[in-house]
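Single-structure report; data block below.
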Amino acid sequence: MYVVIVGGGRTGSHLASLLSSQGYEVRVVENRINVLERLHQEIPTELIYEGDGTDPQVLDAVGAGRANVLAAVGSHDADNLVAASLARFQYGVKRIIGRVNNPHNAWLFTPEFGVDVALNQADIMAKLIKEEMSLGDMMTMLKLRRGKYSLVEEKIAAGARAVGVAIRELSLPPNCIISGIIRHGEIVLPGGTTVLEAEDEILALVDEAAREPLERLLGKPVD
C-alpha cells in the first residue's frame, strides 16, 4: 500500500513513522524549511519530498496517481482541502483523510470536497472527555468498521499484571493489538520484545469483547 502524507508537522511525522515501521510505502510532502529540518531528524530522508502539497506538479512527482491513501494533515485547513480535492478529483485516490484545524471549517470536510474521513481535533477531544467521564480509565479514541472495533487508550497502573512483561508474553485477548505506547512523553513503537512499564500509556485496537480482558491486564490489581 502506498500512502502520501501532505504536511510534515508532528502529526504527519508520527503517522509516517508508524506506517513505515509496518511496511507501508510512504512519502511525506512538506515545503516549510524549519519543519523540514526537524522532519529529517525524525524520519528517513527517503520518505520526505520537499514541495507544496497543493501543487499538482508536486503531487505528480510523488506519484499521487498510484496512491491508495492520501492524508492531508497540514496546519492550514484551506491547504488540506485543496490537497484532498486534487487527490480525489484529479488523481482518483480512493481513500482520503483530512485534518480539521479550525472546528468552524469542519462542515467543508465532506466527500463533496474529496474528504472521506475528517479528523476534527475538537470532536476527538470532546469524545475523550465524554469517555473519561463515563467509562472510567479506558478511553475510546476512535470507532472503526461501524463500531465493531475501537482504538482505546489506557495508562498502565502500578502493580498491573502487564508491568515488566514483554508484549509477546502477554496473554492478550483475541482481536486485541497494541499499536502504540507513549512513555515519558515519547512515542515507542511496540514490538514483541518491548517490555511494558507502569505509567505507559497504551494505545490498542480492540473489539468489544477484548476491552475488559485488556483492562484487567493494564489496570490496578484486584485484591
Test R88 against the stated conditions and say whether it is farther than 27 Å from P103 by Cβ, buried (at least 19 other Cβ atoms within 10 Å of the Cβ) and not β-branched (V, I, T).
no
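Yes/no per residue for (1) assigned by TED's automatic domain parsing to the domain that holds D77; (2) closer than 17 Å to G98 by Cβ; (3) among the β-branched types (V, I, T):
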position: G8; (1), (2), (3): yes, yes, no
position: G12; (1), (2), (3): yes, yes, no
position: S17; (1), (2), (3): yes, no, no
position: S21; (1), (2), (3): yes, no, no
position: Y24; (1), (2), (3): yes, no, no
position: V28; (1), (2), (3): yes, yes, yes
position: I33; (1), (2), (3): yes, no, yes
position: E37; (1), (2), (3): yes, no, no
position: E42; (1), (2), (3): yes, no, no
Among A67, A84, A61, A78, the single one that is modelled with pLDDT of 95 or more, within 19 Å of the chain's Cα centre (by Cα) and either outside the structural domain of F113 (by TED's automatic domain parsing) or more than 30 Å from G191 (Cβ to Cβ) (or both) is A84
So which pairs qualify, if the first residue must be in region 64-76 and within 17 Å of P111 (Cβ to Cβ), the second must be among the polar types (S, T, N, Q), the Cβ gap must be under 7 Å, and the two must be at least 6 apart or on different chains?
A72/N80
Please verify whether I97 is under 21 Å from I187 (Cα atoms) and not acidic (D, E), treating the condition exactly as stated.
no
Could you check how many residues of region 15-51 are over 19 Å from L189 (Cβ atoms) and outside any helix (DSSP H, G or I)?
8
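The values are calculated or read from the model by the stated rules, or taken from the named source; none is laboratory data. Quick caveat, the model's predicted, so the values are computed rather than measured. Glycine also receives a Cβ, built like all others from the backbone with ideal geometry; neighbour counts cover every protein chain displayed.
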